[in-house]
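Report on the following structure.
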Amino acid sequence: MENNGDKMSKKPNILLISLPYQGHISPMMQFAKRLSSKGAAVTVITPFSANLISDDDRNRSINIEYVSYDHGEGQNIVTVEDYMANIETRASEKLLEVVENQAFDVLVHDSLMPFGVDFGHRHGLKTAIFFTQPCAISSVYYLVYQGKIRCPVQEGADLSFLPDEIPISHVKDLPYDLYHERYPGTLEMLANQFSNADNADWIFFNTFLGLEDEVVNWLSSKWKIMTIGPSVPSMFLDKRLADDRDYGLSLFKPDGDACIKWLDGKDSDSVVYVSFGSLANLEQDYMDEIAWGLLDSKCSFIWVVRDTEKSKLSEKFVEESADRGLIVNWSPQLEVLAHKAVGSFMTHCGWNSTLEALSLGVPMMVVPQWTDQTTNAKYIVDVWQTGVRVKAHDKEKITREDVTKSVKDVMEGTKREELKANALKFKEMALEAMSEGGSSDKNIDDFIAEIVTSSTST
Ligand code: UDP
């Protein structure tokens, strides 16, 4: 394990706090591990009880303290404003308790917790905002924050409010909330990620150089931002953190053995892996078309269908697909994507899933649903060219023929070769960014060095 601790005169003491979503907790846990491996003392406040942290994580050589906060799960909260206000109250109470007991140098907080900047400064800490989404999407939210976009953006609208650095010309490639109001208050919450950006001491993005450099540069002209990703367990990238094989905190229990044993019996590049992440609820029709399209493709597949969604699978499909399909409640996704039998990934384009596929060089079929997924899909298909679209831009109707066609495009022929070659290029770039001296690794080193310098000069 890398450890710069001995070289430091003072060990930086860093406190991190996350929002209660898998897609927000995982990248922050990974960032915490990197900080710890470089000699910082690290405490993570997670919104779930510490018993969800994997035993591996507790035992591993990377030393992190975990504190949990009760985010009020199960309460009857109706509006987005009330939900965020509840998080702010509960997280602030826990933060206060923790900082009164220990002296920290820096508070790193999720970008959707903008109160963290004022909280940190009030208690004598420097502050860092951690964006779990890419720069392209965050930049669009920044334009909303500045009042430069009138929402909802109508179909066919002129998109000249976007800077040249963001290559979007179709309304449905914007983040979903810009053209479709999901819940009142959602867009304000997303825009408010920037409400305290001018006062933060550091701003981090879970992205890496090579992916979206133009927009990274555009944002860098406004703040000093640092790319620190991809925040994927080290054993799937640079392998410098010896036992770092999973994120450490999983809200679902993976059917690990079942997936890997099943994959071990399959030929190389023969399996389609299908997952819609931790939150998506698909319409019945949508599920049916995916199911029958997969079956018609004649490919083997693993499909993650969370228990809460299982009733949408017909008995007929389950019976007919039994010899070719494995349906699981939750998979060890990184291990699955890294398995040689997996040839492609049908994904809802959550940012973590996208980064994982890029980091492991797996071509994708994109089936975005909402939030940032619509824009991630655009980048996957048109900018990075590591995937094909299953026709729809969001929850629009798809047919089983669309599904079968995209599976064939990604699994066979010259299209597959092109996608695979591009995917391997990004795998290389992701590895380079996180390896010693790579762009993200260097930014993490610089962050630690800046804390040491500022705490010795005060
Ligand atoms: N994931 C997993 N097993 C599954 C499905 C998803 O471990 O069966 C993980 C996946 O590796 C990713 C996270 O859950 O790290 C999902 O995050 P993402 O941002 O892709 O989507 P979200 O769940 O936030 O919509």
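Of the numbered criteria (1) within 28 Å of Met226 (Cα to Cα); (2) without any contact (Cβ under 8 Å) to a residue 40 or more places away in the chain, the one Leu95 fails is (2).
Per the listing Ala421, Ala449, the residue uniquely out of contact with any Asp or Glu (no Cβ under 9 Å at 6 or more places or on another chain), open to solvent by 30 Å² or more (accessible area, probe 1.4 Å) and within 19 Å of Leu125 (Cβ to Cβ) is Ala449. Can we say Val232 is closer than 21 Å to Glu432 by Cα and within 16 Å of the chain's Cα centre (by Cα)? Yes: the conditions hold for Val232. Within segment 227-255, track down each residue that is open to solvent by less than 50 Å² (accessible area, probe 1.4 Å), farther than 29 Å from Ala421 by Cβ and touching an Asp or Glu at 6+ places or on another chain (Cβ under 7 Å). Hit for segment 227-255 is Gly248, nothing else.
Restricting attention to segment 301-350 and to residues that are within 12 Å of the ligand (Cβ to nearest atom) and assigned to a helix (DSSP H, G or I), the residue that is most open to solvent (accessible area, probe 1.4 Å) turns out to be Asp307. Selection within segment 268-300: residues that are within 13 Å of the ligand (Cβ to nearest atom) and within 20 Å of Thr399 (Cα to Cα). The member of this set that is most open to solvent (accessible area, probe 1.4 Å) is Asn281. Assess whether Leu107 counts as being in contact with a Ser or Thr (Cβ under 7 Å, 6 or more places away or on another chain) and crowded, with 24+ Cβ neighbours inside 10 Å. So Leu107 fits the description; yes. Taking the criterion of being free of Cβ contacts under 8 Å to residues at least 24 places away in the same chain and acidic (Asp, Glu), the residues of segment 410-427 that qualify are Glu412, Glu417. When Leu211, Leu190 are checked against the criterion of being within 17 Å of the chain's Cα centre (by Cα) and part of a loop (DSSP other than H, G, I, E, B), Leu211 stands alone in meeting it. Selection of segment 166-189 for residues being in contact (Cβ under 8 Å) with a residue 60 or more places away in the chain and hydrophobic (A, V, I, L, M, F, W, C) yields Ile168, Leu174, Met189. Looking at Glu181, Glu165, Glu214, just one residue is closer than 24 Å to Ala85 by Cβ, open to solvent by 20 Å² or more (accessible area, probe 1.4 Å) and not polar (S, T, N, Q), and that residue is Glu181.
Cβ separations smaller than 7 Å between residues 6+ apart or across chains give no pair from segment 317-334 residues that are more than 28 Å from Asp246 (Cβ to Cβ) to residues that are more than 7 Å from the ligand (Cβ to nearest atom) and in a loop (DSSP other than H, G, I, E, B).
Of all residues in segment 261-300, exactly one satisfies the criterion of being among the aromatic types (Phe, Trp, Tyr), in a helix (DSSP H, G or I) and either in contact with a Ser or Thr (Cβ under 7 Å, 6 or more places away or on another chain) or under 19 Å from Asp409 (Cβ atoms) (or both), namely Trp292.
Scanning segment 5-19 for residues that are touching a Gly at 6+ places or on another chain (Cβ under 9 Å) and either farther than 26 Å from Ala85 by Cα or open to solvent by 10 Å² or more (accessible area, probe 1.4 Å) (or both), we see that the one that is modelled with the highest pLDDT is Pro12.
Considering only residues in segment 370-407 that are more than 16 Å from the ligand (Cβ to nearest atom) and open to solvent by 80 Å² or more (accessible area, probe 1.4 Å), the one that is farthest from Trp303 (Cα to Cα) turns out to be Gln385.
Does segment 344-351 contain any residue that is closer than 18 Å to Gln30 by Cβ and not hydroxyl-bearing (Ser, Thr, Tyr)? Within segment 344-351, one or more residues are closer than 18 Å to Gln30 by Cβ and not hydroxyl-bearing (Ser, Thr, Tyr).
Okay, residues lined up against (1) surrounded by 24 or more Cβ atoms within 10 Å (Cβ to Cβ); (2) in contact with a helix residue (DSSP H, G or I) (Cβ under 8 Å, 6 or more places away or on another chain):
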residue: Ser111; (1), (2): yes, yes
residue: Val117; (1), (2): no, yes
residue: His121; (1), (2): no, yes
residue: Gly124; (1), (2): no, no
residue: Thr132; (1), (2): yes, yes
residue: Leu143; (1), (2): no, no
residue: Cys151; (1), (2): no, yes
residue: Gln154; (1), (2): no, yes
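The values are calculated or read from the model by the stated rules, or taken from the named source; none is laboratory data. All figures in this text were calculated on a predicted structure; none of them were measured in a lab. Reconstructed Cβ throughout: ideal geometry from the backbone, glycine too, with neighbour counts over all protein chains shown. Areas reflect the complete protein model, heavy atoms only, side chains present, ligands, DNA and RNA absent. Shrake-Rupley method; radii C 1.70, N 1.55, O 1.52, S 1.80 Å.
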